[in-house]
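As structure tokens, the structure follows; a few thoughts come after it.
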Amino acid sequence: MNRMAGDRDRDRVTVAVREVVGRILPALPPGELRGDRHLRDLGADSVDRVEIILAVLEHLDLDVSLARFSELPDIDALVDVLVMAGRTGG
């Protein structure tokens, strides 16, 4: 895969994550949603985090085990997992 296609994949996933997080955490100022932050640090409790992951997976039509997301340090790592899952078919 060439770099431009990889950048488009990452951009598409990032947009999906931002949309879903904004919907589930409507009080979160958009500027607070940065790649170096963990969803927990943004006020998402464990139920919110599962809901965010499930909604993003549905939005992107991906099938990935929730266990894959349990130890991610930040939103950038979440996006990385989703991009890779999209490239490998889930």
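The values are calculated or read from the model by the stated rules, or taken from the named source; none is laboratory data. Worth saying up front: this structure is predicted, and the values here are computed from it rather than measured. Cβ sites come from the backbone with ideal geometry, for glycine too, and all protein chains shown count toward neighbours.
Given (1) more than 11 Å from the chain's Cα centre (by Cα); (2) within 16 Å of V83 (Cα to Cα); (3) modelled with pLDDT of 95 or more, where does R23 come up short, assuming only one miss?
(2)
Return the residues of the range 37-48 that are in contact (Cβ under 8 Å) with a residue 12 or more places away in the chain and either closer than 13 Å to V20 by Cα or over 12 Å from the mean Cα position of the chain (by Cα) (or both); say none if nothing qualifies.
L39, L42, G43, A44, D48
Of the conditions (1) modelled with pLDDT under 95; (2) over 12 Å from the mean Cα position of the chain (by Cα), A85 satisfies every one except a single condition; which number is it?
Just one mismatch for A85, condition (2).
Criterion first (among the acidic types (D, E), farther than 24 Å from R87 by Cβ and modelled with pLDDT of 95 or more) does E32 satisfy it?
no
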